[in-house]
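The values are calculated or read from the model by the stated rules, or taken from the named source; none is laboratory data. Quantities reported herein were computed from a predicted structural model and do not represent experimental measurements. Note that each Cβ is placed from the backbone with ideal geometry, even for glycine, and that neighbours are counted across all protein chains shown.
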Protein chains: 4
Amino acid sequence: MPDLKTVVAEIAAEMKERPDRGEVAKYIPELARVDPNAFGIAVIDAEGKVFTGGDADTPFSIQSVSKVFTLTLALGKVGDRLWRRVGKEPSGSPFNSIVQLEREQGVPRNPFINAGALAVTDVILSGHQPREALGEILRFMQFLADDVSISIDHGIAGSEQRWGFRNAALANYMRSFGNLENPVDFTLGVYFHHCAIAMSCIQLATAGRFLAHGGRNPTTGHSVVSLDRARRINALMLTCGHYDGSGEFAYRVGLPGKSGVGGGILAIVPDKASIAVWAPGLDAAGNSHLGRIALEILTRRMGWSIFGA
Amino acid sequence: MPDLKTVVAEIAAEMKERPDRGEVAKYIPELARVDPNAFGIAVIDAEGKVFTGGDADTPFSIQSVSKVFTLTLALGKVGDRLWRRVGKEPSGSPFNSIVQLEREQGVPRNPFINAGALAVTDVILSGHQPREALGEILRFMQFLADDVSISIDHGIAGSEQRWGFRNAALANYMRSFGNLENPVDFTLGVYFHHCAIAMSCIQLATAGRFLAHGGRNPTTGHSVVSLDRARRINALMLTCGHYDGSGEFAYRVGLPGKSGVGGGILAIVPDKASIAVWAPGLDAAGNSHLGRIALEILTRRMGWSIFGA
Amino acid sequence: MPDLKTVVAEIAAEMKERPDRGEVAKYIPELARVDPNAFGIAVIDAEGKVFTGGDADTPFSIQSVSKVFTLTLALGKVGDRLWRRVGKEPSGSPFNSIVQLEREQGVPRNPFINAGALAVTDVILSGHQPREALGEILRFMQFLADDVSISIDHGIAGSEQRWGFRNAALANYMRSFGNLENPVDFTLGVYFHHCAIAMSCIQLATAGRFLAHGGRNPTTGHSVVSLDRARRINALMLTCGHYDGSGEFAYRVGLPGKSGVGGGILAIVPDKASIAVWAPGLDAAGNSHLGRIALEILTRRMGWSIFGA
Amino acid sequence: MPDLKTVVAEIAAEMKERPDRGEVAKYIPELARVDPNAFGIAVIDAEGKVFTGGDADTPFSIQSVSKVFTLTLALGKVGDRLWRRVGKEPSGSPFNSIVQLEREQGVPRNPFINAGALAVTDVILSGHQPREALGEILRFMQFLADDVSISIDHGIAGSEQRWGFRNAALANYMRSFGNLENPVDFTLGVYFHHCAIAMSCIQLATAGRFLAHGGRNPTTGHSVVSLDRARRINALMLTCGHYDGSGEFAYRVGLPGKSGVGGGILAIVPDKASIAVWAPGLDAAGNSHLGRIALEILTRRMGWSIFGA
């Protein structure tokens, strides 16, 4: 068994050097100006030991990685009734496709495409003011990461809101089918803000630990969800966590993972580790290019694929 | 840890009794007349011990489960060049959808939907007579199952061919984009015949063992594929093995698996076991209803989910 | 040649009696409460003689019939440059479909589906305040109908705006492709208000006369568009004026026509007459059920089909 | 009123010179080798006077123009029951799209897209041998054109059959929904052969005369269909006769017309004339480039648009 500390350090060094870095998201200026040379990685093992490389404590915009946590929150609130509002199947379409919504009457295919995450946000918002719902989400992230310093980048949230026409289309469209219950602007507002949460790799890997360990953070002892639910969230991450690149990610990396357009990926090694990587350049499917490569190397060297050691 | 023998026996007994049995496929008479009360299960552990329940040695039509093995064969022939002809992503559509093919210029989304399996069959057929290609596939199955008695049900193959208009449409459509190279009837003929291979649960679980053990049957010592390839085939089974019910299967069962319209499912527990179940009644997505439930119970009781123990 | 006055009177009497009246639009309360037994018809011949039947001077919500006039206005402003923003082909989809927009990058298929009419409205709005643009549209209608009493039903406009999630989705979606230039709410606001213009059959038939007579109202002598443009607007009405029922309308009625969800239809008999009918009940495609039947009888009795006398 | 003879001669001269000639269809060698400089036009007025220009008596492959005549035949056989098998709406898709068929359960949108024409052919074939059905279609063409020398180009038919994978896909696909009743190869065979009928502009314009004159050839006095049916066939030609360029054709030319990939177009001026043009180069939508332009000039000069004189 190779030494995890060495492997993580090697990967960080290697990734810093690679010339192929993908394309940084440019749809809002705040993301466009992120340094394409950034790379961070944090791995936390079952004992709670933290192994880091590169820019592991630089906060970045977690964007869609937040959808794992809002899904967890919403399941906590309404349980399996959530699945009346959103499906569990890969979409076979880009993250912001609206075609599937027309065919399936406003029910998004899964909670990780934008439309699905909007439905999940709407569930969390239900009966509350946007500020309250957002506060709840942020406190949940702080609790999971055991770090009250985590905050929202309001510049990014505002910019998303100003330019988020595609998401506004999805939200209005679902609303027309009755699959949003709150005012469209409220749901969109909470959505844009939870996507704009800023976290470092270390914070993100910490927040994901409950998924690696049967629903419970083994260090703090905090129980977040049942074993069964943790497994199921992992399953959804594997089949749907990388949009229309989910099959490729499973094929190459072999771990449940969720990516964000900010270049972050949270990946789970069941019973072994929680991993966060960050590299801002994206591939054609909108997932972190070097983040995926780093995870591929890591799983291979450590024998961590869930599909066979 | 519960006793595997007991768990398998309990599941078989329980499944025999259940009133909800799904709907037996009716599109050809040979499948329509299969006994809906049949149920079989075979589990083979890492040591090669075989645990069975119900009709575990009754042969049934493996249908699309054969696609796991033709994929393995085709990868052996052309390696990663196969991925020029077929994708690796879940389709987000029913198994026989043609819409995606139009959008993506004749390249099927993955090797497990019908269109993708036709492309894989075409690769195996390349430069050979249908009879030769079919012989190769059958001998490969006999080799994997270590049983030369395995054969093709020609009644079923003929019936499929007579009524296989949808598959003929898919094949002609791909041919129009140049993504089939052999005469359409040849490719269709080999496809219909390899889907008509008849195997028992015991034979099928045996044939799948290399996927559970790094590409190698630990009992015979036969190496079939590399560890890396075994992992990747498992990943494809997980994301795409149950058509538009793949997300649900991953969510509930948590194992790589491939279903067939004959009611069979092959499921892999990496490093631990190869499993075949058979229950002819299907659910709405065309996957074995009780087969999936049996696997869900089995994984839960044994703690075998790849998403956390 | 039958006597037009008699034919119009007979049709009005017959339509008042028919039990099959379609379904009144129910998506907003203001439309839902319209009397399903209403029926009006007005035919104005080349000499300017007006033939009426039923509720020909009751104002109703013209809804999408307004799109003929906004198209005329927008063509007057930007000429053929309009066709960079919207196509000229039938959509093969329901009036509010968003699927086509995704496939064709935010360019609506024609100016008469909702998305296309939003793009047309955006052109009219360009560089103005919503109030100004709306004033211009209203004055244009008053000028065409030669009647300054025509007004907007603000109750309907407000209700549309409150419940217009589908149109908001379309507008935001086009905006995401850069095919709306004004603030989404401005364009939507003008759109909802011009759809809420209330007119009687007599007013509407008067307003449409320029289309029947080479671009010019032969009574007032006002020239509205060139002969060529009048022909082309008629062509668009024929191929696209009844959404996904345009083929059926051309097949049965054989005249250029534009329907609205308020139950109105404007139909043009080139060189002969301008016709407006109103019957609030709709058919499955969202077009006036009895309106279409009345026009079918009228054209047949008068030999007015453009497809042969 | 300009002199028709002069106008036709001018158009022919002008078209012979134009450098923009579109792209000759290349999908089979027999069509690819047609001279791109060919241009023919024939106009037959109500009195039966024939005006020609260019290569008006050179036979060319009428291809999809044949669909007007097979539609006429099929309506004669089964009347309005035909509309259970095929729709009357523009498709909003390319001529050979299969997507719409999946969405609408094997019922093609109209009789002029390939799928629809296959359904129409299947109706004509019903209960006969392919040879008999084809003989009937050919004799119908000879009768309409009053010319027994019209024949099928078997070289083209054979080539179409060898390379017609897309049509084979459509046919098999419809068969899977039960919307073809004959053996797929029979229907395809008759279809490919009737598309391979060779006719000159003069023959084609003669064959179309019944559509211009209320269902009856005014010279021979032969009644082919009722006035009502003639109108309706014209309406279908207008809304659907140029595939996904039907709106553009109606907008520019303003006549019912049907194009073929061989470069021919039949256009009808109700009550006035039957027109055939031929120019082998096609535009992006697969319709004759110069054929459409010639018709646009002709209608404008003669004031023949059905949308206003």
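Where helices (runs of 4 or more DSSP H) sit wholly within region D:130-188, those with at least 3 residues that are out of contact with any Lys or Arg (no Cβ under 6 Å at 6 or more places or on another chain), more than 27 Å from D:LYS26 (Cα to Cα) and more than 12 Å from chain B (Cβ to nearest Cβ) occupy D:130-145. Considering each residue of region A:54-62 in turn, none proves to be part of a helix (DSSP H, G or I) and assigned by TED's automatic domain parsing to the domain that holds A:ASP244. Looking across region D:10-46 at every residue that is touching a Ser or Thr at 6+ places or on another chain (Cβ under 9 Å) and assigned to a helix (DSSP H, G or I), the one that is nearest to D:GLY262 (Cα to Cα) is identified as D:LEU31. Find the residue count for region A:211-225, including only residues that are in contact with a Lys or Arg (Cβ under 6 Å, 6 or more places away or on another chain) and either crowded, with 22+ Cβ neighbours inside 10 Å or farther than 17 Å from A:GLY76 by Cβ (or both). Residues that pass the stated criteria total 1. Any residue at all in region A:75-96 that is out of contact with any strand residue (DSSP E or B) (no Cβ under 8 Å at 6 or more places or on another chain), crowded, with 24+ Cβ neighbours inside 10 Å, more than 25 Å from C:ILE98 (Cβ to Cβ) and among the aliphatic types (A, V, I, L, M)? The answer is no; no qualifying residue exists.
When the residues of region B:58-99 are filtered to those that are free of Cβ contacts under 8 Å to residues at least 24 places away in the same chain and touching a helix residue (DSSP H, G or I) at 6+ places or on another chain (Cβ under 8 Å), which remaining residue is nearest to the other protein chains (Cβ to nearest Cβ)? The extreme case among them is B:VAL99.
Per-residue answers, yes or no, for (1) more than 7 Å from chain C (Cβ to nearest Cβ); (2) among the basic types (Lys, Arg); (3) surrounded by fewer than 24 Cβ atoms within 10 Å (Cβ to Cβ):
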| residue | (1), (2), (3) |
| --- | --- |
| D:GLY208 | yes, no, no |
| D:ASP228 | yes, no, yes |
| D:ILE233 | yes, no, no |
| D:ALA250 | no, no, no |
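Filtering region B:143-165 for residues that are small (Gly, Ala, Ser), under 20 Å from D:LEU101 (Cβ atoms) and in the same structural domain as B:ASN114 (by TED's automatic domain parsing) leaves a non-empty set. Filtering region D:16-37 to residues that are within 22 Å of D:THR52 (Cβ to Cβ), out of contact with any strand residue (DSSP E or B) (no Cβ under 7 Å at 6 or more places or on another chain) and in contact (Cβ under 8 Å) with a residue 60 or more places away in the chain leaves D:ARG18, D:ASP35. Restricting attention to region B:240-252, the residues that are aromatic (Phe, Trp, Tyr) and either in a loop (DSSP other than H, G, I, E, B) or free of Cβ contacts under 8 Å to residues at least 12 places away in the same chain (or both) add up to 1. Limited to region D:266-309, what total is found for residues that are surrounded by fewer than 24 Cβ atoms within 10 Å (Cβ to Cβ), more than 13 Å from every other protein chain (Cβ to nearest Cβ) and of a type in the set (D, E, K, R)? Going through region D:266-309 one residue at a time, the tally reaches 1.
Based on this model, can you work out whether C:ASP271 counts as in contact (Cβ under 8 Å) with a residue 60 or more places away in the chain, acidic (Asp, Glu) and on the phi > 0 side of the Ramachandran plot? Judged against the criteria, C:ASP271 is a match. Does B:GLU17 satisfy the condition of being assigned by TED's automatic domain parsing to the domain that holds B:LEU295 and in contact with an Asp or Glu (Cβ under 9 Å, 6 or more places away or on another chain)? It is false that B:GLU17 is assigned by TED's automatic domain parsing to the domain that holds B:LEU295 and in contact with an Asp or Glu (Cβ under 9 Å, 6 or more places away or on another chain).
Return a yes/no flag: does region D:189-204 have any residue that is facing another protein chain (nearest Cβ under 10 Å), in contact (Cβ under 8 Å) with a residue 40 or more places away in the chain and assigned to a helix (DSSP H, G or I). Scanning region D:189-204 turns up no residue that is facing another protein chain (nearest Cβ under 10 Å), in contact (Cβ under 8 Å) with a residue 40 or more places away in the chain and assigned to a helix (DSSP H, G or I). Taking the conditions exactly as written (in the same structural domain as D:SER151 (by TED's automatic domain parsing), among the charged types (D, E, K, R) and modelled with pLDDT of 95 or more), does D:ARG103 satisfy them or not? For D:ARG103, the condition - in the same structural domain as D:SER151 (by TED's automatic domain parsing), among the charged types (D, E, K, R) and modelled with pLDDT of 95 or more - is not met. Summed over region B:65-100, residues that are assigned to a helix (DSSP H, G or I) and either of a type in the set (Val, Ile, Thr) or closer than 17 Å to B:PRO256 by Cα (or both) total 10. Going by the structure shown, is D:ILE124 of a type outside the set (D, E, K, R), crowded, with 19+ Cβ neighbours inside 10 Å and either modelled with pLDDT under 95 or in contact with a Cys (Cβ under 8 Å, 6 or more places away or on another chain) (or both)? Here the answer is no, as D:ILE124 does not meet what is asked.
Residues in region A:101-129 that are part of a loop (DSSP other than H, G, I, E, B), free of Cβ contacts under 8 Å to residues at least 60 places away in the same chain and within 14 Å of chain C (Cβ to nearest Cβ): how many? Matching residues across region A:101-129 total 1. No other residue among A:LEU298, A:LEU290, A:LEU255 is within 15 Å of the chain's Cα centre (by Cα) and either within 21 Å of B:GLU248 (Cβ to Cβ) or not in a strand (DSSP E or B) (or both) apart from A:LEU255.
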